[in-house]
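Visitor: Got a structure for you, questions after.
What follows is calculated from the coordinates using simple rules that are stated; it is not laboratory data. Just so we're clear, the structure is a prediction, and the values are computed from it rather than from any experiment. Because the Cβ atoms are built from the backbone with ideal geometry, glycine has one as well, and the counts that use them run over all protein chains shown.
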Amino acid sequence: MNYDFDKMVNRRGTNSLKWNVDENELPMWVACTYIQKKLPELYVVPSEATYLLWIDCSRITKDTKALADKIREITGLYLSEGSQYGSNGNEFLRLNVACPREQLYDGLERLRMGIEG
């Protein structure tokens, strides 16, 4: 099998679009917009190459391990604390958005409940 990594690929034609919807409803866009509107104290670091969100929580905590544990305890949502990826990640949470639409909405709502709880 030959691969051409220099060729541009129209992402609308790949399996990376798990949803059959307009571009403004893709998982990453949905998650970023939800967090901007419902959790303005958090900031999503822009990224175009992943389905993992880096969520900056520095306005509310310096210890995202404790925050992830609290969210898990309150809502059952499992998030990765950024410290797993090195000391520069201490103020970040990671959220995987590569999932069905209903699961993403549920996860975002649980994130909101955990932050507000």
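Visitor: Starting from the 7 Å offset along Cα-to-Cβ, what nm value, one decimal, do you get for the label separation of ALA66 and TYR105?
Guide: 3.5 nm
Visitor: Give, in nm to one decimal, the length gained when the segment between GLU73 and SER47 is fully stretched (0.36 nm per residue of separation minus the Cα-Cα distance).
Guide: Contour length minus the Cα-Cα distance gives 6.5 nm.
Visitor: Need one number: convex hull volume per residue for region 21-116, Cα atoms only, in Å³.
Guide: It comes to 90 Å³ per residue, whole-number rounded.
Visitor: Compare the peptides 56-64, 104-112 by average per-residue count of other Cβ atoms within 10 angstrom and give them in order, highest first. Could you put the intermediate results ahead of the total?
Guide: Numbers: 56-64: 15.7, 104-112: 18.2.
Highest to lowest by the protection proxy: 104-112, 56-64.
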